[in-house]
């Protein structure tokens with residue numbers, strides 16, 4: 001089936017099995033075929049596809065159930081815990097994104113379903129092994145290695161599509177001229193350094209030299225040069241190095257230009273794939289580039305996969321990636337962001353602690369959504385004019401050691417030390433022993 005057609009919710013005996021996809025043994029070759037292999041030999045193509053596949057595959061996945069306007073998290077279904085019999089979920093996602101970025105399509109064979117008929121295991125097929133009978137039909141007929149598939153066996157995600165077509169456009173197909181140019185420049189560089197496309201230098205003299213004498217002179221010169229010894233030239237012989245002609249030295253510029261073009265195709269920063277940005281990079285520009293990369297490059301890919309994967313679950317269930325895990329800020333910026341979330345009351349302490357991989361506070365103390373600004377409504381006497389600043393300082397100290405404190409908790413700590421601050425915090429009552 002194509003990715004936007006619903007599944008038939010029934011269990012079936014599949015005509016094509018795991019062995020048909022992976023063979024009798026050995027690690028699967030995710031990509032094969034002349035055009036793909038040639039393109040992946042070009043460093044910018046490999047770097048761009050690796051960057052996209054690695055980044056998407058490394059993100060945590062979550063599922064939610066919509067209850068009215070509320071979205072409640074649910075345990076991950078088996079499909080997204082162990083989606084393939086070969087490798088991990090990371091490997092499974094990596095295969096899908098690699099197929100999408102190179103060939104414009106990801107073809108999945110549904111090999112197992114749960115009791116309700118929803119897919120529980122999908123194996124990605126090599127694009128060269130999949131064909132379609134009518135690319136312009138709303139109900140396409142799929143073939144795998146020449147064998148017809150039932151519509152409900154096929155899960156298809158296209159990347160770049162045109163109206164009226166089922167299959168996505170192949171990036172490598174449209175990048176063929178660019179990749180071949182880059183490979184030719186790469187081959188020129190190899191030939192230049194390995195095989196000596198042009199002599200490195202010449203020994204010249206005004207006197208007539210026989211072929212035998214020239215061979216001896218050349219051999220002695222090369223021997224001395226290889227040994228880093230002093231070369232003695234006599235008989236009017238002079239050494240003249242040969243510089244690389246301008247038209248031949250352009251292969252370096254060609255390689256950089258190729259990297260920039262490939263970066264533009266995939267929407268990644270040129271410096272990530274061996275190209276040039278045209279300006280110097282600072283800490284601020286690198287950080288902004290990371291944000292732009294997550295927003296303008298990764299976000300569309302994640303949205304494409306989220307919507308496709310959500311079709312593999314019941315209509316009330318939604319599959320998402322945690323894109324926040326993609327942006328890693330410094331410690332100070334991260335804690336400031338936590339403080340803003342707590343201060344505005346849209347995140348509680350347990351949620352902040354979960355982001356920092358900390359356990360929830362005992363007794364449900366971290367479940368309250370209380371803006372810090374409202375918790376700061378305290379009465380200050382003249383001798384305690386800086387009490388609010390002191391409370392905020394205690395909060396920052398707690399953040400520095402990985403403990404998130406509310407204003408009331410910080411105030412209570414100060415009161416235990418002899419301060420006389422008022423507030424709303426009440427010490428928790430220890431639960432009674434059962």
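Structure summary
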{"item": "Packing-based exposure ordering (other Cβ within 10 Å, fewest first) of 271, 133", "result": "133, 271"}
{"item": "Gain on full stretching of the segment that runs from residue 271 to residue 204 - 0.36 nm per residue minus C-alpha separation", "result": "19.7 nm"}
{"item": "Simple spin-label estimate for residue 220 and residue 128 in nanometres, 7 Å along Cα-Cβ", "result": "5.7"}
{"item": "Cβ crowding within 10 Å averaged over residues, with 136-147, 158-169, 113-124 ranked highest first", "result": "113-124, 158-169, 136-147"}
{"item": "Pairwise label distance in nanometres, residue 213 with residue 74, each label 7 Å out on the Cα-Cβ vector", "result": "9.3"}
{"item": "Virtual spin-label span in nm between residue 367 and residue 239, 7 Å along Cα→Cβ", "result": "8.3"}
{"item": "Net length gained if the chain between residue 86 and residue 334 were fully extended (0.36 nm per residue, minus Cα distance)", "result": "85.6 nm"}
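Rule-based calculations on the coordinates, nothing more; no lab input. Quantities reported herein were computed from a predicted structural model and do not represent experimental measurements. So basically every Cβ, Gly included, is an ideal-geometry build from the backbone, and we count neighbours across all protein chains shown.
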